[in-house]
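Shown next, in structure tokens, is the structure this report addresses.
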């Protein structure tokens, strides 16, 4: 990701040799000139695959720019130093959350598991139907757990409460593209909360789980899930949270109570009652009442309610529950001000001062959960000075234990490398931040930086651990996911499980790598990671791990904003980008081409004269027409963006306000792919041309989502001018003369400004139109430059800060 200027910046050098390193250089990536040299190096010796290792500290360098490190002839990848390196990262993680939705799945624009479910383990209601459709699938399987989902809901709400200014609004409540006036993180949290309410249909019913390990039946998309759990009942089993051991097959869990589950219900409901009250007042009132009931139920049913196995002895073996009740008590005190909750919370905190996984090498699967105890932070915020110091010291003791395990490592990471190791890293780095917020103590800043950087590539494999973040460097490309394996749909934003000890990896049954191990040189008995869909132990994204990282990344983004308001690209109600950021006087020109191309020479000549880079969106038929070959090659040679405009110039939606879809999903996909196949003949690859202008400049959010499935972003022109009407023909109602079009641009600029504008016209028009607007392009550019506008390429405009 790079570094914020004031951040600790430490690189790790691992070597197959044992030569000492005494100096390193920081080099400007654009000029290849050395801008900083240092001998602040700590030798760390052997580690994993390395015979020697070193920590290179360049924290004193704070100038923004693009750089690489150099030791001898060895160069690092290029990285960025800037306040904005984390911009948009918290929202990016929500991509994976939306893809994990159960019920209506916006990524697939289809629904799944609508028959959920039938009750099991209820003393009087077993076999009855209960509507619990919704929520999120837990990982690449389709099980759903209150344990992880309630934690995810809390984490999303906590992130918004603490860092509300960083979150955008680009998706609707149902997860489809398009703004709805509510931040996307709130939409996602409410989607989870709606499901959590369903899992609590009455004051004494708290359900813990949907489905079981019979789900593990191979790769399949959720809307094509054919697993049958019962010949008698529709849907999937829904397990009541219970103090009694459960398991419908040979294997049973070791449940002892319900407080672990009830506490998670209570804290999520309580925080929801606070945060969601701004958006949904009546809904929030119901959550307040539910939170009080859930907490009371947890107090009267102490102990843990573990998830239930069936065919195999694997389940979430949660053993601690007082952290859940502490967080619930603190959350309830905040809006009830009842002293009993505060007293309870402090007692629970004292009984579990340090999360029990800290300091351990080996932990059973989810044995201590959540990995992060936010309860200490919430309790400290409502406590007296002495108790705040006590609670902060609990955090300090845990961090000290992690540091002691890490201090001899070149990566300074002291969390255990068991399954979901990245979740432990996320918990530890967040605890570092919360501790510093409570105390101002910077003792663990270097460890926090190392834990953070581990997730973003400062690890033995040199890869980030979040799919597609950032997309300019090595990140997971082959996650263990049916979306990727079956359809090549990427799981963007998903935090993968992360490395495991070599001993764990070597003991796994049924694990088979699908491809040659690209990281073979960096594996060791110490730890193993594979970017391979066959490695379910290290490369499977998890919903709760992803949600838990949202708070930390939003905090970094907030820090980088330094109180400034973030400027964003403007989207229409279909989710298409229709304008760049409006904070600067920059704009761009785009041209579409399908049937006519009579203006190409004039347009290229004018653009070259004014040194303007434009974008050309052309249909597959245009690319395949030999008459257009010279123009396309010349436009490419002159550095213009060459994009897609569909293969056959299909009309996707009718012209009504409802925009009824006129094409089927497969028809759209094949047509889009054929457009890119035609572009490949010119060497234009899809990955380099990800902006797409829909034919007729007409689409809805379903079309936008289908494009997103193909890693394509739909753009459209900025409404308000008549530039797009340059195709109209005389003697028709739609006809607009070039003078009218030109004046419409002047008037709109005077009235509203053109900051960030995307101005569209066509490469040609019907011969019946003799008044060609492209002949006015020269004057238009002169006019807008005189008014202070800078013409940028589309990619620069939409990606600029």
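A compact table of results
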{"item": "Number of positions in segment 256-278 that are more than 27 Å from the chain's Cα centre (by Cα) and buried (at least 24 other Cβ atoms within 10 Å of the Cβ)", "result": "5"}
{"item": "Residue that is in a helix (DSSP H, G or I) and touching a residue at least 12 places away in the same chain (Cβ under 8 Å), where the choices are 475, 503", "result": "503"}
{"item": "Condition met for residue 294 (touching a residue at least 60 places away in the same chain (Cβ under 8 Å), under 30 Å from residue 213 (Cβ atoms), surrounded by fewer than 16 Cβ atoms within 10 Å (Cβ to Cβ) and in contact with a helix residue (DSSP H, G or I) (Cβ under 8 Å, 6 or more places away or on another chain))", "result": "no"}
{"item": "Answer residue from segment 169-214, given it is assigned to a loop (DSSP other than H, G, I, E, B) and free of Cβ contacts under 8 Å to residues at least 24 places away in the same chain and is surrounded by the most Cβ atoms within 10 Å (Cβ to Cβ) among those", "result": "183"}
{"item": "Selection count, segment 21-61, where residues are loosely packed, with under 15 Cβ neighbours inside 10 Å and under 30 Å from residue 501 (Cβ atoms)", "result": "5"}
{"item": "Residue 449 being crowded, with 24+ Cβ neighbours inside 10 Å and either in the same structural domain as residue 544 (by TED's automatic domain parsing) or not in a loop (DSSP other than H, G, I, E, B) (or both)", "result": "no"}
{"item": "Residue within segment 697-706 that is surrounded by fewer than 21 Cβ atoms within 10 Å (Cβ to Cβ), over 18 Å from residue 170 (Cα atoms), out of contact with any helix residue (DSSP H, G or I) (no Cβ under 7 Å at 6 or more places or on another chain) and in the same structural domain as residue 791 (by TED's automatic domain parsing) present", "result": "yes"}
{"item": "Qualifying positions in segment 683-736 - part of a loop (DSSP other than H, G, I, E, B), free of Cβ contacts under 8 Å to residues at least 60 places away in the same chain and touching a strand residue (DSSP E or B) at 6+ places or on another chain (Cβ under 7 Å)", "result": "684, 689, 690, 698"}
{"item": "Test: residue in segment 318-331 that is in the same structural domain as residue 209 (by TED's automatic domain parsing), farther than 21 Å from residue 391 by Cβ, at pLDDT 95 or above and crowded, with 18+ Cβ neighbours inside 10 Å", "result": "yes"}
{"item": "Residue within segment 98-114 that is more than 24 Å from residue 183 (Cβ to Cβ), modelled with pLDDT under 95 and surrounded by fewer than 17 Cβ atoms within 10 Å (Cβ to Cβ) present", "result": "no"}
{"item": "Conditions (1) within 34 Å of the chain's Cα centre (by Cα); (2) more than 20 Å from residue 796 (Cβ to Cβ); (3) not in a loop (DSSP other than H, G, I, E, B); number of the one not met by residue 617", "result": "(2)"}
{"item": "Selection count, segment 479-500, where residues are part of a loop (DSSP other than H, G, I, E, B) and surrounded by 15 or more Cβ atoms within 10 Å (Cβ to Cβ)", "result": "12"}
{"item": "Which listed residue is in the same structural domain as residue 444 (by TED's automatic domain parsing) and closer than 30 Å to residue 54 by Cα, from 342, 388, 407, 337", "result": "407"}
{"item": "Looking only at segment 62-89, and only at residues there that are part of a loop (DSSP other than H, G, I, E, B) and in contact with a strand residue (DSSP E or B) (Cβ under 6 Å, 6 or more places away or on another chain), the one that is surrounded by the most Cβ atoms within 10 Å (Cβ to Cβ)", "result": "76"}
{"item": "Among residues of segment 395-418, those that are touching a strand residue (DSSP E or B) at 6+ places or on another chain (Cβ under 7 Å) and surrounded by fewer than 23 Cβ atoms within 10 Å (Cβ to Cβ), counted", "result": "2"}
{"item": "Selection from segment 452-472 of residues that are within 21 Å of residue 431 (Cα to Cα) and either in the same structural domain as residue 66 (by TED's automatic domain parsing) or assigned to a loop (DSSP other than H, G, I, E, B) (or both)", "result": "457, 458, 459, 465"}
{"item": "Selected residue [modelled with pLDDT of 95 or more and not in a helix (DSSP H, G or I)] from 308, 294", "result": "308"}
{"item": "Residue match in segment 646-660 (condition: within 27 Å of residue 796 (Cα to Cα), surrounded by fewer than 22 Cβ atoms within 10 Å (Cβ to Cβ) and outside the structural domain of residue 177 (by TED's automatic domain parsing))", "result": "yes"}
{"item": "Only one of 755, 779, 775 that is touching a strand residue (DSSP E or B) at 6+ places or on another chain (Cβ under 8 Å) and surrounded by fewer than 21 Cβ atoms within 10 Å (Cβ to Cβ)", "result": "755"}
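Listed here are the residues, each with its yes/no results for (1) in contact with a strand residue (DSSP E or B) (Cβ under 9 Å, 6 or more places away or on another chain); (2) surrounded by fewer than 23 Cβ atoms within 10 Å (Cβ to Cβ); (3) farther than 21 Å from residue 186 by Cα.
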{"residue": "502", "(1), (2), (3)": "yes, yes, yes"}
{"residue": "517", "(1), (2), (3)": "no, yes, yes"}
{"residue": "520", "(1), (2), (3)": "no, yes, yes"}
{"residue": "525", "(1), (2), (3)": "no, yes, yes"}
{"residue": "538", "(1), (2), (3)": "yes, no, yes"}
{"residue": "549", "(1), (2), (3)": "yes, no, no"}
{"residue": "555", "(1), (2), (3)": "no, yes, no"}
{"residue": "562", "(1), (2), (3)": "no, yes, yes"}
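So that you can scan it fast, the table gives a plain yes or no per residue for (1) farther than 13 Å from residue 200 by Cβ; (2) touching a residue at least 24 places away in the same chain (Cβ under 8 Å); (3) in contact with a helix residue (DSSP H, G or I) (Cβ under 9 Å, 6 or more places away or on another chain); (4) not assigned by TED's automatic domain parsing to the domain that holds residue 151:
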{"residue": "255", "(1), (2), (3), (4)": "yes, yes, no, no"}
{"residue": "269", "(1), (2), (3), (4)": "no, yes, yes, no"}
{"residue": "276", "(1), (2), (3), (4)": "yes, yes, yes, no"}
{"residue": "282", "(1), (2), (3), (4)": "yes, no, no, no"}
{"residue": "285", "(1), (2), (3), (4)": "yes, no, yes, no"}
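The values are calculated or read from the model by the stated rules, or taken from the named source; none is laboratory data. Fair warning: this is a prediction, and the values are worked out from it, not measured in the lab. Positions of Cβ are backbone-derived with ideal geometry, glycine not excepted, and every protein chain shown enters the neighbour counts.
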